[in-house]
1. Restricting attention to region 122-138, does a residue exist that is of a type outside the set (G, A, S), over 30 Å from S284 (Cβ atoms) and under 28 Å from the mean Cα position of the chain (by Cα)?
2. Report those strands (runs of 3 or more DSSP E) wholly inside region 77-177 carrying at least 2 residues which are farther than 18 Å from L202 by Cβ and either modelled with pLDDT of 95 or more or touching a helix residue (DSSP H, G or I) at 6+ places or on another chain (Cβ under 9 Å) (or both).
3. Is there a residue in region 243-253 that is in contact (Cβ under 8 Å) with a residue 24 or more places away in the chain, among the small types (G, A, S), surrounded by 24 or more Cβ atoms within 10 Å (Cβ to Cβ) and assigned to a helix (DSSP H, G or I)?
4. Show the residue pairs that are 6+ apart or on different chains and have beta-carbon atoms under 8 Å apart, the first residue being within region 150-166 and under 15 Å from E124 (Cα atoms), the second being at pLDDT 95 or above and in a helix (DSSP H, G or I).
5. Among the residues that make up region 76-86, is at least one of them buried (at least 16 other Cβ atoms within 10 Å of the Cβ), touching a residue at least 12 places away in the same chain (Cβ under 8 Å) and aromatic (F, W, Y)?
Amino acid sequence: MKKFLWMVLLIPAVTYSQSQRKKRKAEERANAEMVANLKGYTRQLTEWPLNIQYLVQQYQQIGLEPKGVHGYLQEFDVSEGKQIDPTTQLKVDGQLLDLQTDYTPLAFSASKQVKGEAAMALNENRQPWFRDLKELLEDQKDNTQFNLEAEIRKMADIAFKKGASAYFVYNSSSIPDHLGFNKRDTTATAKIPVIYITAQGLKNHFPDHSATLSIELKTGFTPQTYHVKNLLGFINHHATTTILLFAALGQQNDGGADAAVLMEIARQLKKNATPHYNYLVVHSLNRDHANGEKEPLYGHLNLPVAPNYIIRLTKNPVSSGPIDYEAEKDRVKQVYDLILSTDTQGKLPSTQMEF
């Protein structure tokens, strides 16, 4: 009888122990599967140009709803302002000056070809004019609201009305002027070319302000655009709250880890996601810009759904070593657990988060 009682008492403990072992083994299998998936994703995401079809297949296998213009793919051009046309040049007494080193056209400059004979100390009709910014900078050095470019624009307009064919500005003072070509300038174009001569250009090519110089100038600008490619997938629970999950490819030395982590998070959410959110999954497929600029923090996006929250996958600091897949697995679980642990009203700690 006592033996039977002991056996009855042991059954719950044995059952609990077996349950814990099964749970632990299930977790181990899930973790191993997650690491294997991450390894598989990164093998495909380290080569460039990217195999976009591979990513599309993963979106399809996960069961994401297409949210691009052509299926999952979204492509469009982004205006990046303008750039100085390669035909732009300046010659002084037959000597070709170096663009940027010796001079630069200001962004509101007119695109024109100008020839003339001019002395820096004289303002003659139908000839290039010169203006030293020294006095202006000294007068305005304590004025925090002073806009030097706007003032140059006004002076160039006045010079044009008085007969100048081009307007050259330089700074002989020690006060920094911070002038240069601003490609994102959107002000109206001046009537004449407006050129900034650097300190080096002034020293090397304009030593005598009273000498008459032969000026040959040609200015031009062309629009600068950046072609954007994104993949967009959607998990639609018909909720009122949408989370944007974003990762960029090609602009960081992360071995594709961010994009792989995002793919695995999407897979986990599709399997067992809280119905309080919709999920917009975006992979940005863009390299760094041709001029070396980085993608904006959340990429160039044209979103079909307005997100309430943004989660960006970004390795910081970026490691050049091998990928730590255990750490990347933990990153997947961190984001996934955060989303599942939120209350039924769907409140996350912040509207923009990075992991």
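1. As a first pass, look at region 122-138 and keep what is of a type outside the set (G, A, S): 122-138.
Retained after the next criterion (residues that are over 30 Å from S284 (Cβ atoms)): 122-138.
When the remaining residues are screened for being under 28 Å from the mean Cα position of the chain (by Cα), the result is none.
Within region 122-138 (the criterion being of a type outside the set (G, A, S), over 30 Å from S284 (Cβ atoms) and under 28 Å from the mean Cα position of the chain (by Cα)), the answer is no, since none of the residues qualifies.
2. On the way: elements: 89-92, 103-105, 113-119, 128-132, 166-170.
Counting at least 2 such residues, we get 113-119.
3. Start the filter on region 243-253 by keeping residues that are in contact (Cβ under 8 Å) with a residue 24 or more places away in the chain, which leaves 243-253.
From the residues that got through so far, the ones that are among the small types (G, A, S) too are 247-248, 250.
Applying the additional criterion that residues be surrounded by 24 or more Cβ atoms within 10 Å (Cβ to Cβ) yields 247-248.
Remaining after also requiring assigned to a helix (DSSP H, G or I): none.
Looking for residues that are in contact (Cβ under 8 Å) with a residue 24 or more places away in the chain, among the small types (G, A, S), surrounded by 24 or more Cβ atoms within 10 Å (Cβ to Cβ) and assigned to a helix (DSSP H, G or I), one finds none in region 243-253, hence no.
4. A164/A156
5. No: zero hits.
Results for (1) more than 21 Å from M353 (Cα to Cα); (2) surrounded by fewer than 16 Cβ atoms within 10 Å (Cβ to Cβ); (3) in the same structural domain as N171 (by TED's automatic domain parsing); (4) touching an Asp or Glu at 6+ places or on another chain (Cβ under 7 Å), shown as yes or no for each residue.
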position	(1), (2), (3), (4)
I195	yes, no, yes, no
A199	yes, yes, yes, no
D208	yes, yes, yes, no
L213	yes, no, yes, yes
N230	no, no, no, no
T240	no, yes, no, no
A259	no, no, no, no
E264	no, no, no, no
P275	no, yes, no, no
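The values are calculated or read from the model by the stated rules, or taken from the named source; none is laboratory data. In this text, all values refer to a predicted model and were calculated from it rather than measured experimentally. Methodologically, a virtual Cβ is constructed for each residue, glycine included, from the backbone with ideal geometry; neighbour enumeration extends over all protein chains shown.
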